[in-house]
Amino acid sequence: MNWSTFQLFILIIGAAMLAIRIVTLRRKTGMNPVHVHHPSEVGFVVGEIVIAALMLRATNVLNFPLPDWLDIPIVKSELAKAAGAVLAAAGLLIFGYSLISFGDSWRIGIDRKTPSVLVTNGIFRFTRNPIFLFLDLFLAGIFLMNGTLLFLIAGIPGALFLHFQIRREEQFLFEHYGDAYRRYFAKTPRYFLK
């Protein structure tokens, strides 16, 4: 398997996990788990679509022009590509474990009308934000596998935006869960390290 095929494979696996989770929750609970109302939530979804489109361009599934300077390689060793593959695959594993740990509580966006229970078990014992951790690892992995300025430019603001979204969700969790979330917040790291 070459690097393009691997990238296409992990993109399909991640998209399938997401789609299956959305459909499963809708059927099981009758609830829509997708809540994209705030501009930051719209930005989050648009950013994910852009990254997917860039990956499809890098794997030659899509063909759309961009300035040549964006495709300049800045990292191009096989070791970097392998490290990127490990990061992206580790991210997908974290994503899968997150979906399992979330149970019926998983949402895209902040659900103010039907918020669920505070999840602190499973992977949430180690990180308060495993899905955002997955996305950060995935962005870093995709950059290392492609090594171009385009993926660096897309990845850095993407990671910063994810951090902003974490802070926004933390504010909601403090408001909604109060002392239970404060205790959880105090003992569990935002990512993996305190």
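The values are calculated or read from the model by the stated rules, or taken from the named source; none is laboratory data. The model shown is predicted, which means the values in this text are computed figures rather than measured ones. FYI the Cβ positions are ideal-geometry reconstructions off the backbone, even for glycines, and counts take in every protein chain you see.
Side notes on the structure shown:
- In region 28-41, residue farthest from the chain's Cα centre (by Cα) [restricted to those that are surrounded by 13 or more Cβ atoms within 10 Å (Cβ to Cβ) and not polar (S, T, N, Q)]: MET31
Yes or no, residue by residue, for (1) over 15 Å from the mean Cα position of the chain (by Cα); (2) in contact (Cβ under 8 Å) with a residue 60 or more places away in the chain:
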| site | (1), (2) |
| --- | --- |
| TRP3 | yes, yes |
| VAL23 | yes, no |
| ARG26 | yes, no |
| GLY43 | no, yes |
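- Qualifying position, being of a type in the set (Lys, Arg), out of contact with any helix residue (DSSP H, G or I) (no Cβ under 6 Å at 6 or more places or on another chain) and either closer than 22 Å to LEU92 by Cα or surrounded by 15 or more Cβ atoms within 10 Å (Cβ to Cβ) (or both), among ARG167, ARG190: ARG190
- Flag if LEU92 is outside any loop (DSSP other than H, G, I, E, B), of a type outside the set (Phe, Trp, Tyr) and either closer than 27 Å to LEU56 by Cα or modelled with pLDDT of 90 or more (or both): yes
- Candidates ILE142, ILE156, filtered to the one that is without any contact (Cβ under 8 Å) to a residue 12 or more places away in the chain, under 30 Å from TRP69 (Cβ atoms) and either buried (at least 16 other Cβ atoms within 10 Å of the Cβ) or of a type in the set (A, V, I, L, M) (or both): ILE156
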